[in-house]
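Presented below is the structure to which this report refers.
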Amino acid sequence: MTRTNTIERLKDRKNAVILAHNYQRPEIQDIADFVGDSLGLSQKASKTDADVIVFCGVDFMAETAAILNPDKKVLIPDLGAICPMAQQLTTEELLEAKRKYPNADVVLYINTLAEDKAHADCICTSANAAQIVESMDSDLILFGPDDNLAHYVRQRTNKKIISIPEYGLCPTHHQITGADLSDARKRHPEAKLVVHPECTPEIQEVADHIASTSGMVRYCKASAGKEFLIGTEVGLLHRLKKEIPGKRFYPLSKYAVCPHMKMHTLEKVERALETEEPEVTVRKGVADKAREAMGRMLELSR
Ligand code: 13P
Ligand code: SF4
């Protein structure tokens, strides 16, 4: 029996669902029940009737699924799959900023740990960041941890946004430079430039379209363009090529690889289903508060 068949059988036996982020290895995307961006994955996790969720993504994504499903078992195939950006905002720094700006609303990117989410007024993803910030009551917003996403939101709202920490960033996106763009444009002069808002302002400002990973897929499908330079983690190329076979996609940088997203393998998925470990749990008091901030986002994004 192939590994894929074994995984299918285990899934049936345990009433499990496999959720995978758009950056996962192709073979993981291909066996997943749902592949999507952080917003789509949260929406799926909030609605599933499975007993077990195998989350092929990074730590904050699996934590989010656990927050939304206190009575289900959430498994992550490799516990080492952490998001370095989510580690950049410490709870101490967040609480200090809240003390300094008591009238500000706190909007945290979903790329944060549960302890921080518990202190937020609302969570956002790259798909809804500007809309969420705009809908807050206060004109002053504490926003973190991605300062590049903060730049994107500043361009699209009238709010005053203070980044916490001052220079948080995603190492995978931040390393995509103007030199990468010049090289790619020489090779593919007709291609449209579609990028993620975790890219630097320099890249954002010349893009044809900026969106979350699933938003990038939707744009490429709907666009009249036939060729696209893709400014995000290279895992998205698999989904783009599979779902839009008539168009051409090129990575803006072939080095834009998130090593943490790539830690999950089919072997580890099989082992997780078999042993029901490693499990991701969030302490009740923290989960209850974080769920309120998540719930507000899901309500605003219906
Ligand atoms: P999306 O929500 O757009 O998929 O982004 C998640 C992420 O971690 C980007 O680096
Ligand atoms: Fe975190 Fe960046 Fe990896 Fe996304 S691509 S999981 S933001 S390190």
Any chance the range 40-61 includes a residue that's touching a His at 6+ places or on another chain (Cβ under 9 Å), surrounded by fewer than 24 Cβ atoms within 10 Å (Cβ to Cβ) and at pLDDT 95 or above?
yes
State which residue is farthest from ligand 1 (Cβ to nearest atom) when the search covers only the range 219-240 and only residues that are open to solvent by 30 Å² or more (accessible area, probe 1.4 Å) and either closer than 24 Å to ARG154 by Cβ or touching a His at 6+ places or on another chain (Cβ under 9 Å) (or both).
GLU227
Mind listing whichever residues of the range 166-197 are touching a Gly at 6+ places or on another chain (Cβ under 9 Å), closer than 24 Å to GLN131 by Cβ and open to solvent by 10 Å² or more (accessible area, probe 1.4 Å)?
LYS192
Selection status of ASN158, out of contact with any Cys (no Cβ under 8 Å at 6 or more places or on another chain), open to solvent by 20 Å² or more (accessible area, probe 1.4 Å) and of a type in the set (S, T, N, Q):
yes
Just the residues that are assigned to a strand (DSSP E or B) and within 16 Å of ligand 2 (Cβ to nearest atom), please, taken from the range 1-41.
LEU19, ALA20, HIS21, VAL35, GLY36
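Every residue, every condition in (1) over 25 Å from ILE230 (Cβ atoms); (2) small (Gly, Ala, Ser), yes or no:
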position	(1), (2)
ILE123	yes, no
ASN148	no, no
ASP180	no, no
ILE203	no, no
ALA207	no, yes
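When residues of the range 241-262 are filtered for being touching a Ser or Thr at 6+ places or on another chain (Cβ under 6 Å) and surrounded by fewer than 16 Cβ atoms within 10 Å (Cβ to Cβ), how many remain?
Going residue by residue through the range 241-262, those that are touching a Ser or Thr at 6+ places or on another chain (Cβ under 6 Å) are 256, 258.
Keeping just the survivors that are surrounded by fewer than 16 Cβ atoms within 10 Å (Cβ to Cβ) gives none.
Qualifying residue count for the region: 0.
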Residues satisfying the stated conditions in the range 204-220, i.e. touching a helix residue (DSSP H, G or I) at 6+ places or on another chain (Cβ under 7 Å) and of a type in the set (D, E, K, R)
none
Which of the residues spanning the range 62-85 are open to solvent by less than 10 Å² (accessible area, probe 1.4 Å) and either under 16 Å from the mean Cα position of the chain (by Cα) or over 24 Å from GLU27 (Cα atoms) (or both)?
ALA62, THR64, ALA65, ILE67, ILE76, ALA81, MET85
Would you tally the residues in the range 218-241 being in contact (Cβ under 8 Å) with a residue 12 or more places away in the chain and away from ligand 2 (no atom under 16 Å from the Cβ)?
10
Checking ILE28 against (1) within 16 Å of the chain's Cα centre (by Cα); (2) among the β-branched types (Val, Ile, Thr); (3) buried (at least 21 other Cβ atoms within 10 Å of the Cβ), which test does it fail?
(1)
Could you grab me the full set of residues in the range 42-63 that are within 16 Å of ligand 2 (Cβ to nearest atom), touching a helix residue (DSSP H, G or I) at 6+ places or on another chain (Cβ under 6 Å), closer than 19 Å to LYS11 by Cα and not aromatic (Phe, Trp, Tyr)?
CYS56
Here the qualifying pairs (Cβ atoms under 7 Å; residues six or more apart or on different chains; first in the range 173-200 and over 24 Å from ASP147 (Cβ atoms); second open to solvent by 70 Å² or more (accessible area, probe 1.4 Å)) come out as LYS192/ASP208
Considering only the range 99-127, state which residues are more than 16 Å from ligand 2 (Cβ to nearest atom) and either of a type in the set (A, V, I, L, M) or in contact (Cβ under 8 Å) with a residue 40 or more places away in the chain (or both).
TYR101, ALA104, VAL106, VAL107, GLU115, ALA118, HIS119, ALA120, ASP121, CYS122
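Return the total of residues in the range 155-190 being out of contact with any His (no Cβ under 7 Å at 6 or more places or on another chain) and either in a helix (DSSP H, G or I) or at positive phi (or both).
Matching residues across the range 155-190 total 15.
The values are calculated or read from the model by the stated rules, or taken from the named source; none is laboratory data. This one's a predicted model, so the numbers in the text were calculated from it and none came from an experiment. For neighbour counting, all protein chains shown are included, and Cβ atoms are generated from backbone atoms with ideal geometry for every residue, glycine included. The area values use the complete protein model at the heavy-atom level, side chains included, leaving out ligands, DNA and RNA. Shrake-Rupley method; radii C 1.70, N 1.55, O 1.52, S 1.80 Å.
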